[in-house]
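The values are calculated or read from the model by the stated rules, or taken from the named source; none is laboratory data. All values derive from a computational prediction rather than experimental measurement. For neighbour counting, all protein chains shown are included, and Cβ atoms are generated from backbone atoms with ideal geometry for every residue, glycine included.
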Amino acid sequence: MAVVATMGPEPALLSARPIAGDVKPVTGFLQVLVSGLLSGGIYAVVSVGLTLIFGVLKLVNFAHGDFLMVSMYMSFWLYSALSVNPYVGALFVVPLMFAFGVLIQRILMKPILEAPHVVQIFATMGLSMILQNAALLLFKADFRNVRVPFAASVLQIGGIRLSLVHVVAFLVAMTAAVVLYAFLQSTDMGKAMRAVSMNARAAKLMGINVDRVYLVAYSLGIALVGLAGVFLTPIYPIYPTIGLNFANPAFVCVVLGGLGSVPGAVLGGLTIGLVEAMTAYYAGSQFQQAAYFLIFLVVLVIRPYGFFGRKGAEVAQ
Amino acid sequence: MLLVGSILSGCAKNQASSEPIKVGTLFPRSGNIAMLGEQAWRGADIARQIVNEAGGVNGRPIEFVDADAPTSQAAATEAERLISQQGVKVIIGSLTSGNALAASAVTERNGVVLWETSGISDEITKKGYQYLFRTCDRGSDRGRAGMRVIADAVAAQLNIPASQLKIALVNEDSSYGEAQVAGAKEEAAKLGLNIVAQEAYSSSATDLSALVLRLKNVAPDVIFAVGYINDATLFWNQAHQYGLSVKALVGGGAGYTDPQFAVVEGKNADGVLAIDMPTGIDSSKLSPENKELADKFRSMYLEQYGGDKVPLSAEVVFTGTYTLLHDVLPAAGSDDPDKIVAAAKAIDVPETIMGWSVKFDETGQNTGAQPVVYQWMNGTLSLVWPEKWATKAIEGLPLQ
């Protein structure tokens, strides 16, 4: 029932000898700030794919969290069957997820792109249920864990502790966001995607192969969430419904940042991570989730297009 | 008049003396928790086999009328079916609290007894139902046990008077965690323990670092934590990452007794205490009759179903069912629900194979059902408290 893949003994980067109750207010604040940002980085890396899919295809991918789960299982199986370090495994998982995205887009998304929103919503929700239950059927509900030697390692800078695997995930998130942004700004396909996200009909009239853009954007979004999954694998247990824990905050991040905006998704992720951490630290952890849902509500009322969204982007065209 | 009546009813009894007595069973035999539900049913069934072998209920063999409740909606409809179509007057259930709550609503309004062997939600006995009895412990009892083991054994191990220990309560915020903590707070007040913090968090949280940092500010000596396996490991991992040092951790069931906990935590699991129902109690510590019964049950189970250890679900349901079939129904004399209720209220069984005594309070709760405390060491969980059932002493405190 317990399935855990391990790789030898586990040295920590530094021997984290705990020191009880020595947290001064400033250190405490800085520590919470840092861990909030790191946690926000995780939300950001899950959100960039979601925002891309929404921005270009105007499709809310309710199965986003479940694609995350799929990539985590892929990482796990590579590790447990072939002893491939998850970070190295990314080289296999990300292209595989891209291919998976192509498959799903062609079979499921393409036929319903012109359909009413209700149909699209149900299609992605149905996909979500299929993915979760397929995983449950194939892999059972048991928790899988990938125990890399550095999973527990902690960096210490000043008096501030940073979890190594979180730092790596954060760096990957920022790099992926920057690369994606550059891609969207500078490459032809990227510009085509932006054009399609602004006005698909006009883009078609300009000679852009909108169908191809949809395919690439969707698959790229799935590949990105696959990347996220790889870097979450050393941190979290893997089970069929783990996607939900990340998908829900990801939706909030994407709306907060502006649907379709990559910098927005990053800023949204960092904001949510910070808000969660600060609320939990100063008000109590029972308010952790409530705080960011409250922000979500406020944003929807005051500025529904989020930080960087285009006015009207949140409304169906 | 009375004489005639009793002669007539005596005659009726004799005529019916070999007629089977029907008892319903309602467990999730299919669906998500089919495995545990099936184990539960098997426990009940072996109790039936043992009692029938010994002559049944006053000479009448017990016959099960089985129903499958994969969801709580099914529990309600199947309870209805058992009652109206099968004429069942007493039902053994439920494994999950959801099923128990759904089924009990149906049984109560029909005046049928629900014999609850395994659902632990406090809610179940809080509805004022007259026809419901629960043989196992409740969530809140685990909280109480947590405080008792701290006051009793942990304080002694740490060489600190119990009243001077700073205790923090940390729980996942569903009714499971909340019930345990409610019990803990109640007991802590009685024992004069110092609760310095109570933090609830959502079990779907992806990050508990702020919670850990908040606890660091309070610097508790002991933490009583309730969570499921994913948040329990997240919490304990982050506690280590952020340098939250405590002298002892007492986990309230589920996550902390899960085999995965030791697998994920490795060395960090050593010394962690965890509360759960008593399972696989060393039968030589029981009375001679219970030893015989325990050994018989276990060998019958393993013979019929294989494996090398009897699962907890089977054991707890066996214990509850055996009490019903062996102690309550014979005293009731029939399957008349009111007679069963009267008989149940009157029983006082000093010991069962799980070590529990059986005596029901006015809400139908067995006050003798108490959880026990285990401790992790080198990947194994051993029963360490209360001393009566302990196989080892508590060790490894304070935690390193």
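Side notes on the structure shown:
- Within the range A:124-217, helices (runs of 4 or more DSSP H) holding 2 or more residues that are among the polar types (S, T, N, Q): A:164-186
- Only a single criterion out of (1) within 13 Å of chain B (Cβ to nearest Cβ); (2) at pLDDT 95 or above is not satisfied by A:T27, namely (2).
- Scanning the range A:258-290 for residues being more than 15 Å from B:L208 (Cβ to Cβ) and in contact with an Asp or Glu (Cβ under 7 Å, 6 or more places away or on another chain) gives a total of 1.
- Test: residue in the range B:159-174 that is crowded, with 24+ Cβ neighbours inside 10 Å and either closer than 17 Å to B:M277 by Cα or hydroxyl-bearing (S, T, Y) (or both): no
- Some residue of the range A:272-290 being among the β-branched types (V, I, T), crowded, with 24+ Cβ neighbours inside 10 Å, touching a helix residue (DSSP H, G or I) at 6+ places or on another chain (Cβ under 7 Å) and within 28 Å of A:V179 (Cα to Cα): yes
- Screening the range B:194-254 for strands (runs of 3 or more DSSP E) wholly inside it with 1 or more residues that are facing another protein chain (nearest Cβ under 7 Å) and crowded, with 24+ Cβ neighbours inside 10 Å returns the ranges B:194-201.
- B:D173 vs. criteria in contact with a helix residue (DSSP H, G or I) (Cβ under 7 Å, 6 or more places away or on another chain), of a type in the set (D, E, K, R) and at the interface with chain A (Cβ under 10 Å from one of its Cβ atoms): yes
- Checklist (1) under 22 Å from the mean Cα position of the chain (by Cα); (2) surrounded by fewer than 20 Cβ atoms within 10 Å (Cβ to Cβ) applied to B:V149, failing item: (2)
Here's the yes/no breakdown for (1) more than 11 Å from chain B (Cβ to nearest Cβ); (2) aromatic (F, W, Y); (3) closer than 28 Å to A:T27 by Cβ:
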position	(1), (2), (3)
A:V167	yes, no, yes
A:M198	yes, no, no
A:G226	yes, no, no
A:F231	yes, yes, yes
A:I235	no, no, yes
A:I242	no, no, no
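- Scanning the range B:15-44 for residues that are within 16 Å of B:H326 (Cα to Cα), part of a helix (DSSP H, G or I) and in contact with a strand residue (DSSP E or B) (Cβ under 7 Å, 6 or more places away or on another chain) yields one hit, B:A44.
- Summed over the range B:324-344, residues that are crowded, with 24+ Cβ neighbours inside 10 Å and within 19 Å of B:F297 (Cβ to Cβ) total 4.
Residues checked against (1) of a type in the set (K, R); (2) closer than 24 Å to A:V146 by Cβ:
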position	(1), (2)
B:R214	yes, no
B:F224	no, no
B:G227	no, yes
B:D231	no, yes
B:W236	no, yes
B:V250	no, no
B:Q260	no, yes
B:N268	no, yes
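- Taken over the range B:243-264, the criterion of being closer than 15 Å to B:L399 by Cβ and within 26 Å of the chain's Cα centre (by Cα) is satisfied by B:A248, B:L249, B:V250, B:G251, B:Y256, B:F261, B:A262.
- Residues in the range A:270-288 that are polar (S, T, N, Q) and touching a residue at least 12 places away in the same chain (Cβ under 8 Å): A:T271, A:T279, A:Q288.
- Residues in the range A:93-135 that are among the aromatic types (F, W, Y) and modelled with pLDDT of 95 or more: A:F98, A:F100.
- Selection from the range B:386-400 of residues that are of a type in the set (A, V, I, L, M, F, W, C) and within 17 Å of B:I223 (Cβ to Cβ): B:I394, B:L397, B:L399
- All positions within the range B:87-108 that are more than 18 Å from B:T321 (Cβ to Cβ) and not in a helix (DSSP H, G or I): B:G87
- Every residue from the range A:30-66 that is aromatic (F, W, Y) and either within 24 Å of A:V167 (Cβ to Cβ) or within 14 Å of chain B (Cβ to nearest Cβ) (or both): A:Y43
- Just one of (1) more than 13 Å from B:V113 (Cβ to Cβ); (2) in contact (Cβ under 8 Å) with a residue 12 or more places away in the chain; (3) in a helix (DSSP H, G or I); (4) not acidic (D, E) fails for B:L302. It is (2).
- Out of A:L267, A:L294, sole residue that is without any contact (Cβ under 8 Å) to a residue 12 or more places away in the chain, more than 14 Å from chain B (Cβ to nearest Cβ) and closer than 27 Å to A:F29 by Cα: A:L294
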